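**Q** Sharing a structure with you now.
The values are calculated or read from the model by the stated rules, or taken from the named source; none is laboratory data. In this text, all values refer to a predicted model and were calculated from it rather than measured experimentally. When we count neighbours, we look across all protein chains shown, and the Cβ atoms used for this are built from the backbone with ideal geometry, even at glycine. Just so you know, the surface numbers come from the protein's heavy atoms only, side chains and all, with ligands and any DNA or RNA stripped out. Shrake-Rupley method; radii C 1.70, N 1.55, O 1.52, S 1.80 Å.
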Amino acid sequence: MHSNPSSMEQTAIAELNSTFISGATRTFQWRETQLKSLLRLLTEKEADCFHALYQDLGKSKLEAFKDEVGPLKKSIDYTLTHLKGWMSPKKAGINLLFFPAKGKTMPEPYGVVLVIAAWNLPLNLALEPLIGAIAAGNVVVLKPSELAPATSSLLAELIPQYLDIKAIKIVEGGVDVSQQLLQRKWDKIFYTGSARVGKIILAEAAKHLTPVALELGGKSPAIFDFQSLSSNVEVAVKRVASGKWGTLVGQACLAIDYLLVEEKFASALIDMLTKTIKKFYGESLNKFSRVASKRQLDRLQKLLKDPAVADNIVYGGSVDKDALILEPTILLNPPLDADVMTEEIFGPILPIITLNNISESIGFINSRPKPLVIYGFTNNKTLKRSILNGTSSGGVLFNDVLLHFLCDELPFGGVGSSGMGRYHGKYSFDTFSHEKAVLDAGYLVELEARYPPWNSFKMAFVRTAYKLDYIGLLLLLIGLKRYPKVHKD
Amino acid sequence: MGTLATPMTSFSSSSCSTELVLPHTRYSNQFKSERSSSAVLSIMAEEEEREVFDANDATLLVEELRGHFNLGKTKNYEWRVAQLKGISKMIVEKEKEIIMALQQDLSKPETEAFVSEILLTKSSCEHALKSLQSWMNPEKVKTSIMTFPSSAEVVSEPLGVVLIISTWNYPFSLSVEPVIGAIAAGNAVVLKPSEVAPATSKLLADLLPQYLDKTNIRVVEGSVPETTALLEQKWDKIFYTGNGRVGRIVMAAAVKHLTPVVLELGGKCPAVVDSNVDIQVTARRIIAGKWACNNGQACISVDHIITTKEFAPKLIDALRTELERSLGKDAMQSNDISRIVNLHHFRRLTKLLDEDGISSKIVLGGRTDEQDLKIAPTILLDVPEDSLLMTEEIFGPLLPIVTVDTLEDSFNLILSKPKPLAAYLFSNDEELQKKFIENISAGGITINDAVLHLTVPGLPFGGVGESGMGAYHGKFSFDTFSHKKAVLRRSFTGDSTLRYPPYEPRYLGMLKALMNGNFLRVILVASGLYKP
């Protein structure tokens, strides 16, 4: 499907609507079939997926599997294992007063949902939410990122081959297509990307009271408590390096954006980091993943060109314009009001900010918008506690990087400006479901006190009943309990 | 935001300029007293009734509360317990005053007020106190071989400073219930009660500072200007109860700061009635869910009934009989139901009756008394589908009955309208019950009764689609005002060099095996015995 005609889109949405109304997507069988097909797609067309990711972003096979295909397959497996349980109603406790009423919650799909993916993990960020939407029984329009065109085309080609085209549709295109899509009323919108666009989507959603999940980003800090790490410091440095440059050279919402360390350890850390970079990637530039596009490269170079920042480059800075490669670059104490310290970097530049005492990192982080994740490299229990209780972020990871993304049982999402809503595992199912409350009252017991005309007896009954004072109730009913006069009876 | 700039007369579903709504433009006293010098205090004394709480005041208020929140006191278990106990104490000690305010604002009968406002909030409070420790405990979760060795948990933390905008029909409980949740979750709170229930608003503004920690919990009274000023601020969550029109405004205002919102809205809650029911009990329960519910002025009261052409006359007869039993021969004289809240709503409701072709459909009631703001319980039979009665949320004592050939036809009728906050089915047919539950989408469903699901703390209370987003009550209140933070702890033992560049060829094979949970393969690859 291409950028316009909106009449084509209208027919498509109409088809989705009628598919949903028919109830086809509500059965376990349908959902299971779709998920299994998706799994087959990722297995049979793995090479095509790798190729598209390489074309779009220069991603190596390893990174493509590690960050995109692998987690997707794992998620589908996990979902298939648990789906039946997730779909079944959950009992709710009812107090004895309402006996024999039975209460439960039942998940139901929202209906017609819109998923908009980002460009840096173009396959994963399109399909991971799709898994949740399907598992929850919705019909879906998926709009992959136009900034990863090979992946977008691949999805447009493969999804109709493997999945139910009456229920799942791919719409390709850029801003104009997104804007058009956003004019409609959706039953849910799931967006991954920037806060700027997140706000545009939220504003459109507000017109229709559409619930929205926004997976945004921010500046995710790493707190590096050099002292407490002692003999672990080498491994910690390796992990920091992979948390910055190991995932598309920092073009990930979970990448370490900047690092905080005590002043006295800064040079040792920089030394170790630069040695690690050389060990990981060698001396030449060609081992690094490239920056996604010329526009991105220009943006990153601009961050470094700020004269106040340029002076603080302690490593790197070289660029291969044709290959779109920016060397891992380390900054030491750039000005805090420079763009590199106020905007999300999303690239291979690592500012290191020094503090007198590592405990100051708490205040530093708290004076900034809530990030998607905080990485705490420390063996100090007190500092760990301070980080956990003293800061707020989507998630916290101690002594490693990125891994919580792989945990099916952890909610993945932001807070404040890093987003709203969460997914992965059951949270994906939940985010695309409405949890409906169902009370099945009985005809067995009739409580007179529920109905007018009101009188003192009924009032006394109600008071006693809510205390769950069953003896009192009995006494009241057989006339042995006294009660105050109220009303005008 | 463009929508906020549009001139509006009110944020509630009433307009300001009526005889019975006091133009409330003063704000809560304790706000100024916290930060003023005596000079400001004396100015305040003169201008008390005319001060307007504007955007500047709102900004200062939020800054102040955020400063207090950042000191960390509200995160403590002890603080939360103290506040919840304070609310409980307030409800017990001031029960009379609360009931009187509800009498003033709504002519709510004492027992109804007691059950729906006093009891519900008191038991919510007690439930929260009992459960708080377990709610606050981190939830340990399983980790897989992918991150081995590691431990993971989900930690609940407060969002920060939250805004709660309440409404007029259950002005006490719809204010206090979300406040309970916000406090239990450890937030600082600003409550904006509805100006359409001015006596309760004033009572809350007076009582909350007396019983609760006013450095972290505030009440701001007022109407559109005050609410607008509040909505421009950066909140960590906004909880709004009211109608869809204002719900959109609230959500639009929240966009600027990416503030998550809960919207508890309304809709046309249908009750489908089968012929195989105990008709007398059914009629009584419909009455309980309509006229005994603030005289139909409740978001989950039965809006209209759908039943078969055959059964309708029997149902009407039963309702007639039971109405007389409950409210006496002349319901207009009864003090056992609330009045219509104000003139604006009275006129809104009479307009529904005055529409062309409607009065001939009245089978019971129809009398109105503008002086006393009373409208008799009124039942109408088969009003046109496109009439106002069938397109707008009624929110009053008018009950249209729509007849269908078979009950299955009712499903299409319901599905053709926006998703309501609640849907009811009275039937003993288990197949029909099952179909209803599976096919009707609503915030909540009660079978063989009405309204009751609201009272169960184990059930989430909230809407879907036009009836809202988010839910609360019981633990759901705690959750809705919390951020659930994912925490993963890793150690440095067993660090595999495979995961760092330059990557060995076998690393890809190992990853594949890992993600497939294929342990044997993992071991073989790791040890070099298997080269994929």
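**Q** Ranked highest first by the average count of other Cβ atoms within 10 Å around their residues, in what order do B:408-414, A:21-27 fall?
**A** With the highest mean Cβ count within 10 Å placed first, the list reads B:408-414, A:21-27.
**Q** While we're on this one: May I ask you to evaluate 6.51 cos²θ - 1.76 cosθ + 1.60, the Karplus curve with θ = phi - 60°, for each residue of the range A:185-191 and list the ³J(HN,Hα) values in order in whole Hz, giving x for glycine and proline?
**A** Taking θ as phi minus 60°, the curve returns 8, 9, 8, 6, 10, 10, 10 Hz for the range A:185-191.
**Q** Determine which aspartates and glutamates satisfy two conditions relative to B:Lys314: a Cα distance under 19 Å, and not lying fewer than 8 residues away in the same chain.
**A** Hits, sequence-local ones excluded: B:Asp274, B:Asp278, B:Glu322, B:Glu324, B:Asp382, B:Asp405, B:Asp429, B:Asp449.
**Q** Rolling a 1.4 angstrom probe over the protein chains, ignoring ligands and nucleic acids, what is the accessible area of A:Met106 in square angstrom, nearest 10?
**A** It works out to around 30 Å².
**Q** If you take the square roots of the eigenvalues of the alpha-carbon gyration tensor of chain B and sort them as a ≥ b ≥ c, do you get rounded (a/c under 1.5), prolate (a/b over b/c) or oblate?
**A** It comes out oblate by the Cα gyration axes.
**Q** Average partner chain C-beta neighbours within 10 Å, per residue of A:56-68?
**A** 2
**Q** So if each residue of separation counts as 0.36 nm, and I subtract the Cα-Cα distance between A:Lys279 and A:His82, what length gain in nm does that give?
**A** Computed gain between A:Lys279 and A:His82 is 66.7 nm.
**Q** Sticking with this structure for a sec: Measuring from label point to label point, each 7 Å out along Cα→Cβ, what is the B:Leu520 to B:Ile145 span in nm?
**A** 1.1
**Q** Something else: For peptide B:503-514, what's the mean number of Cβ atoms from other chains within 10 Å of each residue's Cβ?
**A** Per residue, the average neighbour count from other chains is 3.
**Q** Related question: Enumerate the lysines that A:Lys45 could reach by cross-link, defined here as Cα to Cα under 17 Å, with residues fewer than 8 away along the same chain left out.
**A** Hits, sequence-local ones excluded: A:Lys36, A:Lys59, A:Lys61, A:Lys66, A:Lys73, A:Lys74, B:Lys512.
**Q** Give the relative contact order (percent, whole number) for chain A; include only Cα pairs under 8 Å separated by 6+ residues.
**A** With pairs under 8 Å counted, the relative contact order is 17 percent.
**Q** Work out the mean other chain Cβ neighbour count within 10 Å for the residues of B:142-148 and drop it here as an integer.
**A** Details: counts 4, 7, 6, 0, 8, 8, 0.
For this peptide, the per-residue mean of nearby foreign Cβ atoms is 5.
**Q** For the range B:471-479, what does the Karplus curve 6.51 cos²θ - 1.76 cosθ + 1.60, with θ = phi - 60°, yield as ³J(HN,Hα) per residue in whole Hz, taken in order and with x for Gly and Pro?
**A** Computed from phi, the couplings for the range B:471-479 are 8, 8, 5, x, 5, 5, 5, 4, 5 Hz.
**Q** List every DSSP H helix in chain B whose Cα atoms extend 18 Å or more along the helix's own long axis and whose mean Kyte-Doolittle hydropathy is at least 0.0.
**A** Length and hydropathy pass: B:198-211.
**Q** Then there is this: Could you order the peptides B:225-235, A:277-287 from most to least packed, using the average number of other C-beta atoms within 10 Å per residue?
**A** Ranking, from highest mean packing down: B:225-235, A:277-287.
**Q** Which loop-located trypsin sites (Lys or Arg not before Pro) does the range A:298-389 contain, where loop means any DSSP state but H, G, I, E or B and the Cβ has at most 13 other Cβ atoms within 10 Å?
**A** A:Lys321
**Q** Another question, then. Using modelled amide H (1.01 Å from N, peptide plane; none on Pro or chain starts), what sits under 5 Å from the amide H of A:Ile168, excluding residues fewer than 5 places away?
**A** A:Val140
**Q** Could you tell me which of the pairs A:Lys90/B:Lys419; A:Lys102/A:Lys207; B:Lys85/B:Lys192; A:Lys91/B:Lys142; B:Lys85/B:Lys142 are separated by over 26 angstrom between their Cα atoms in the structure shown?
**A** Cα-Cα > 26 Å for A:Lys102/A:Lys207; B:Lys85/B:Lys142; rest within.
**Q** Another one. Which distance in nm do the two modelled labels at A:Thr43 and A:Lys90 give, with both placed 7 Å along the Cα-to-Cβ direction?
**A** 3.2
**Q** With a 10 Å radius around each residue's Cβ, average the other Cβ atoms per peptide and rank A:127-133, B:456-462, B:387-393, highest first.
**A** The packing order, highest mean first, is A:127-133, B:456-462, B:387-393.
**Q** Hey, any idea what % of the range B:163-259's accessible area is carbon plus sulfur with a 1.4 Å probe? Show your work: numbers first, answer last.
**A** Numbers: 950 of 1690 Å².
For the range B:163-259, the apolar C and S fraction of the accessible surface comes to 56 percent.
**Q** Now for a different question. Mind checking the dipole of chain B: about its Cα centre, +1 per Lys or Arg Cβ, -1 per Asp or Glu Cβ, Debye to the nearest 20? Please report the intermediate quantities before stating the final value.
**A** Working: 56 positive and 64 negative charges, 530 e Å.
In debye, rounded to 20, chain B gives about 2540.
**Q** Considering only DSSP beta bridges whose two residues both sit in the protein assembly as shown, what percent are antiparallel, to the nearest 5?
**A** Roughly 30 percent of the beta bridges in the protein assembly as shown run antiparallel, per DSSP.
**Q** In nm, to one decimal, how far is the B:Asp429 label point from the B:Asp206 one, both placed 7 Å along Cα→Cβ?
**A** According to this spin-label approximation, the distance is 5.5 nm.
**Q** Residue by residue through the range A:208-216, which ³J(HN,Hα) values in whole Hz follow from phi under the Karplus form 6.51 cos²θ - 1.76 cosθ + 1.60 (θ = phi - 60°), with glycine and proline marked x?
**A** Couplings: 10, 6, 8, x, 10, 10, 10, 9, 10 Hz.
**Q** Could you work out [θ]222 nm for chain A from helices alone, using -39500 (n - 2.57) per DSSP H run of at least four and dividing by all its residues? Round to the nearest 500 deg cm²/dmol.
**A** Working: 20 runs with 211 residues, N = 489.
Mean residue ellipticity, 222 nm, calculated: -13000 deg cm²/dmol.
**Q** Here is a further query. Sum -39500 (n - 2.57) across every DSSP H segment of at least 4 residues in chain B, then divide by the residue count to get the 222 nm mean residue ellipticity, nearest 500.
**A** After summing the helix terms and dividing by residue count, I get -12500 deg cm²/dmol.
**Q** Right, here's the next one. What angle, in degrees between 0 and 90 and rounded to the nearest 10, separates the Cα long axis of helix A:28-44 from the longest principal axis of the Cα atoms of chain A?
**A** Between helix and principal axis, roughly 10 degrees.
**Q** If you put +1 on each Lys and Arg Cβ and -1 on each Asp and Glu Cβ, how big is the dipole of the protein assembly as shown around its Cα centre, in Debye rounded to 20?
**A** For the protein assembly as shown, the charge dipole is close to 2680 debye.
**Q** Also, I was wondering about something else. Taking Rh as the Kirkwood radius computed over C-alpha pairs, what is the Stokes-Einstein D of chain A at 4 °C in a medium of viscosity 1.567 mPa s, expressed in µm² per second?
**A** Taking Rh from Cα pairs, D becomes 51 µm²/s.
**Q** So which aspartates and glutamates pass the test for A:Lys384, namely a Cα distance under 18 Å, with those fewer than 8 places away in the same chain ruled out?
**A** Reachable aspartates and glutamates: A:Asp225, A:Glu262, A:Glu360, A:Asp400, B:Glu139, B:Glu153, B:Glu157.
**Q** Continuing with the same structure: Hey, what angle do you get for helix A:124-135 against the long axis of chain A, alpha-carbon based, 0 to 90 degrees rounded to 10?
**A** Long axis of A:124-135 versus the principal axis of chain A: about 20 degrees.
**Q** Any chance you could give the angle, 0 to 90 degrees and rounded to 10, that helix A:233-245 forms with the longest Cα principal axis of chain A?
**A** Tilt of helix A:233-245: around 80 degrees.
**Q** Rounded, prolate or oblate, given the Cα gyration tensor of the range B:45-168, with a/c below 1.5 counting as rounded?
**A** oblate
**Q** So for chain B: antiparallel DSSP bridges make up what percent, rounded to the nearest 5?
**A** 35
**Q** Toward the positive end of the charge dipole of chain B, about the Cα centre and with charges on Cβ (Lys, Arg +1; Asp, Glu -1), which of B:Cys125, B:Pro377, B:Leu407 goes farthest?
**A** So the residue we want is B:Cys125.
**Q** Would you kindly state how much longer the chain becomes between A:Glu446 and A:His51 on full extension, computed as 0.36 nm times their sequence separation minus their alpha carbon distance, in nm to one decimal?
**A** Full-extension gain reported as 135.4 nm.
**Q** While we're here: Under the rule a/c < 1.5 gives rounded, and otherwise a/b versus b/c splits prolate from oblate, where does the range B:316-381 land using the Cα gyration tensor?
**A** The shape class here is oblate.
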